[in-house]
1. Among the residues of segment 196-211, is any at pLDDT below 95, part of a helix (DSSP H, G or I) and over 25 Å from Pro56 (Cα atoms)?
2. List pairs: first in segment 188-212 and assigned by TED's automatic domain parsing to the domain that holds Ile97, second aromatic (Phe, Trp, Tyr) and in a helix (DSSP H, G or I), Cβ under 8 Å, 6+ apart or cross-chain?
3. Within segment 30-38, does at least one residue satisfy the condition of being at pLDDT below 95, in a helix (DSSP H, G or I) and loosely packed, with under 14 Cβ neighbours inside 10 Å?
4. Run Arg8 past the list (1) more than 16 Å from the ligand (Cβ to nearest atom); (2) modelled with pLDDT of 90 or more; (3) among the basic types (Lys, Arg) and report the number of the one that doesn't hold.
5. Considering every residue within segment 137-148, establish whether at least one is in contact with a strand residue (DSSP E or B) (Cβ under 9 Å, 6 or more places away or on another chain), at pLDDT below 95 and part of a helix (DSSP H, G or I).
6. List every residue pair whose Cβ atoms sit under 7 Å apart, with the two residues 6 or more apart in sequence or on different chains, where the first one lies in segment 13-26 and is within 6 Å of the ligand (Cβ to nearest atom) and the second, anywhere, is assigned to a loop (DSSP other than H, G, I, E, B) and of a type in the set (D, E, K, R).
7. Out of Val52, Val48, report the one residue that is within 16 Å of the ligand (Cβ to nearest atom), modelled with pLDDT of 90 or more and within 15 Å of the chain's Cα centre (by Cα).
8. With in contact with a strand residue (DSSP E or B) (Cβ under 7 Å, 6 or more places away or on another chain) and over 30 Å from Glu72 (Cβ atoms) as the only criterion, which of Val99, Val200, Val175 stands out?
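The values are calculated or read from the model by the stated rules, or taken from the named source; none is laboratory data. These figures come from a predicted structure and were not determined experimentally. Here Cβ is always computed from backbone atoms with ideal geometry, including for glycine, and neighbour counts include all displayed protein chains.
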Amino acid sequence: MNVLMDLRHLIFPNRCLGCGILNSGLCKICLMEWEFQRRVTHVQGLRVFASVKYSPVVSRILLAAKENGIHEADLLIGEALSHSLKEFIKTRRKDVILVPIPSQKSAVRRRGRAFVFSLTQSLAAENQLHMLTPLYHSRRVHDQSELTAKQRQTNMSSALTIGRHSGRGRQVLLVDDLVTSGATLNEAVRALRNGGFCVVGAVTAAVALPLG
Ligand SMILES: [Zn+2]
C-alpha cells in the first residue's frame, strides 16, 4: 500500500457496509446475512427468484450502492443477482431477454446513473444475454420505502408504459434490486403484457419475506 492509500485509510477508514464497524467490505456477522439461497416467491403467478432475505443489514448495503454509489456494494448486489439468475436458468432454457425496472428521472439525476439499468447491463454481459429497456414511467410516482402494500399498489397503478416497443414473441425476465410488496413488478408485467411481451419471471438480489 502506498503512502497516499495509507493516508486515505487514516482519514476514511473502511467500514462494514452492513453495520458500520471498522472493517473492509462486510464483517463476519453481516456476511452471514448476505448468504445466498434459492428464494422463490410468487407475485400474482409470476415467479421471482431472489438470493438474500431483506433485513436492516441488507437495506444498508442496497442504500450504499443505490444512493452513495459505493462500488463494493454494487459488486455484492451484482453477485446476488447473478446467483438469482443462475437459479432461474436452472428451471428453463436460457433464451430470455433481460428487462430492468426503470428508475425515475429524478432518481437518475440525483444518483448520477440509472441504478438497476447498470446492474442489468453487467448481468447481461456476464451471462451473454440480451437486454431491452422498453419500460419507462408514464407519470411521477412516490418513493415507496415508507408506503404500505396497499399504498404501493395505488402508487404504481398504470405508472409504467412501453411506448412504441413491440414485444411480439419476446420472452423477457424482469430485473430489480429488491422485491417488497410486488407492486412494481406487477405494474411492469401489466405494461409489458399489454405490449405483447411474454414475461417469464423476475430476478432480484433481495426479497422481503413474507411479501406484503
Ligand atoms: Zn457488519
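1. No, segment 196-211 contains no residue that is at pLDDT below 95, part of a helix (DSSP H, G or I) and over 25 Å from Pro56 (Cα atoms).
2. These pairs meet every condition: Gly201/Phe88; Val203/Phe88.
3. Scanning segment 30-38 turns up at least one residue that is at pLDDT below 95, in a helix (DSSP H, G or I) and loosely packed, with under 14 Cβ neighbours inside 10 Å.
4. Here Arg8 meets the rest and fails (2).
5. No, there is no match, as no residue in segment 137-148 is in contact with a strand residue (DSSP E or B) (Cβ under 9 Å, 6 or more places away or on another chain), at pLDDT below 95 and part of a helix (DSSP H, G or I).
6. So the pair list comes out empty.
7. Working: Val48 fails: within 16 Å of the ligand (Cβ to nearest atom).
The conditions single out Val52.
8. Details: Val99 fails: over 30 Å from Glu72 (Cβ atoms); Val175 fails: over 30 Å from Glu72 (Cβ atoms).
Criteria check complete, one pass: Val200.
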